[in-house]
Every structure is written in C-alpha cells, then in structure tokens.
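Heads up, the thing below is written out as structure tokens.
The values are calculated or read from the model by the stated rules, or taken from the named source; none is laboratory data. Computed from a prediction, not measured in an experiment: that's the story for all the values here. Every residue, glycine among them, receives a Cβ derived from its backbone with ideal geometry; neighbour counts consider all protein chains shown.
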Amino acid sequence: MICRHANHNNQREDPDVSRHPEPHTPLAGWLTALMLALALLHAPAVRAQTPAPLAEWQYSVGVPLVEMFQGQPEGWKFRLGAAMTVRPRYDGAHDYYVFGGPTIDIRYADKFFMSTGEGLGWNIVSNDHWRAGIALTYDLGRREKKDHDNLAGMGNIGMAAETKLFVDYVVSKSFPLVIRANARRQFGGANGWIGDLGAYMPLPGSSEKFFWFAGPTMTVADSAYMGRWFGVTPEQAARSGHPEYRASGGIKSYGGGVSAIWFINKHWFATADFGVSALVGDAKNSPIVQRTTNLTGDISVVYQF
C-alpha cells in the first residue's frame, strides 16, 4: 500500500515478541505496539496518485512516526510484492473495477525513495517531528471509452506528470497524531493544482502482529483542475448531451480511511486499506457525476529485505 521505512537495526525489525517484556500500563503497551509495528512498516499498493477515494495520507502513513519513536533509518531497504485494488473508474463514477499488479518500494535511509505509492522523491527535512520534501508522481487521467454511456463526447483527460510538495508533523510520542499536507502540480491532464490536508493516528487494539491507523482528509483544487474533471464546455455539451457547467476552484471532497498491516514474519507482511470520499460543492453538482460518494479498497502481500 504505502511507502514505509524499516529500521536501521535488524534486531529491532524482528517481530519476535519474546524479546520484549509485557508492558505494565495500557499506554506503555500501546506505544510498544506502535514501535514494533513501525519497525516493519508496510509497502505501497499498486496504485497511482490519480483521483480516488483513498486518503492521500494512506500513501505514506507511518513514515514520520518511525523517526519519532526509533530514530532515522540507515542504508537501503527494498520491498517487493503484489497488490489488488477495487476502485471507481473516476471521481464520481457509478461503476467500479478491479486491477492488480506489482508493488515496489526502494528507499535509502530517510532521504530518497522510489515507489508505486509515493513516486520518486527526496525528503529535504527529516527529524523527530517534521518530514518535508518533493516528489515526482503521476495521474492516470480519465478515458472516455471506459464509461461511454456517461462520458461519450467529453473527451479524454490524458495521463499527467505531477510534482508534489509534502509536509508531515507529528505531535508527540504520548499523542502520536500526524498532520499531513501536500500540493501537486500537474503537467498535462487537467494541468492544474490539487492538494490534500489530512490527519491520522494509530488505533487501540493494535499488537506486535497487527496494527492499524485511521483519519480524515480534505481535498482542494484550483479552477483548472476542477473545470477539466467536473466542468462541461459548450463543445462538450454539444457532443455529449450534458448541460454546460462551470466548476470553480475550492474544496473538492471530504473523506477518510483506515489502513492495516498484518506481520507474518520478519520478511513477509500483508496490508489492507479502505477509503471513502464524498464530493462537495461544484464537484458534487457536476452533471457528469453519478455517485457523490465513492469507496475504494486494496490488499497486498509484500516481501522486504
């Protein structure tokens, strides 16, 4: 699912619970489970940074918490696996589809990364509380033929390269809330700006073999992006039968997600994610939108070394 870091120390990576004493308080147990879980961190699912109900923070959940609890990792880490995703064909679509493929995550310390989840990036700032950087990602766009009944005459939105600026902030060890923000500029496709503000934290009930996170998110976009994805020009109206519609910049959607990881052993782990997104404002009122609320989910099995 999400690009994750592993520890710089093999002993910390070992999920063998016999090495760790039983905590004496609920808080101690919670934090111990958090540190153990983050020692293995799960990988990204096979999905791109294209519009979807999955919360943007789910692409990188856990990364800033590793540094707060265990310090910065060192050396190279590789994660390879396979994933399957269920998602709507596009923002506001009625139909869903299933696809699968490889998941790849390669990282050097906490400086550089290349993955199917977060793209190709550089963490310019990385310390106990802050993580900020820049990445190159992509958007798969929208194909008219994938939903001809609704999109006929609307034309395609091509695949686009994106530059992404991101920042994470961790409140504290005793209150491990992570606040995340990002802004992405597309080159091609909608040729606009889109950004997300979200937060997440680990949930009670986690253990050395299982851990989960949850949190809300909000997505905003400029008029270029909103107009391309949700607007209908006079030419498109003449071809498609949809009424003309102008979509302005602003809040595009609210949503949230849950991410979980199951540890099989030191090298193998499985992940699962669920997300929901509700379109609002001009996006919700667009004549091409069939569902204002969409769901998505994915699972993956990953080997790390």
What about Arg291, is it within 17 Å of Leu54 (Cβ to Cβ), surrounded by fewer than 22 Cβ atoms within 10 Å (Cβ to Cβ), of a type in the set (D, E, K, R) and modelled with pLDDT of 95 or more?
-> yes
Could you tell me which numbered condition Tyr90 fails, if it satisfies all but one of (1) closer than 30 Å to Val232 by Cα; (2) outside any loop (DSSP other than H, G, I, E, B); (3) not acidic (Asp, Glu)?
-> (2)
Those residues of the range 221-242 which are assigned to a loop (DSSP other than H, G, I, E, B) and under 13 Å from Val289 (Cβ atoms), in sequence order = Gly231, His242
Of these, Ser277, Ser240, Ser286, which one is under 16 Å from Ile157 (Cβ atoms), crowded, with 18+ Cβ neighbours inside 10 Å, out of contact with any helix residue (DSSP H, G or I) (no Cβ under 7 Å at 6 or more places or on another chain) and hydroxyl-bearing (Ser, Thr, Tyr)?
-> Ser240
Among the residues of the range 144-186, write down those that are more than 25 Å from Trp122 (Cβ to Cβ), among the small types (Gly, Ala, Ser) and modelled with pLDDT under 95.
-> Gly158, Ser172, Ser174
Could you grab the pairs with beta carbons closer than 9 Å, sequence gap of 6+ or different chains, first residue in the range 284-302 and closer than 17 Å to Thr271 by Cα, second one among the basic types (Lys, Arg)?
-> Thr296/Arg47; Thr296/Arg87; Gly297/Arg87; Asp298/Arg47; Asp298/Arg87; Val302/Arg79
May I ask you to verify whether Phe175 is assigned to a loop (DSSP other than H, G, I, E, B) and either among the aromatic types (Phe, Trp, Tyr) or within 19 Å of the chain's Cα centre (by Cα) (or both)?
-> yes
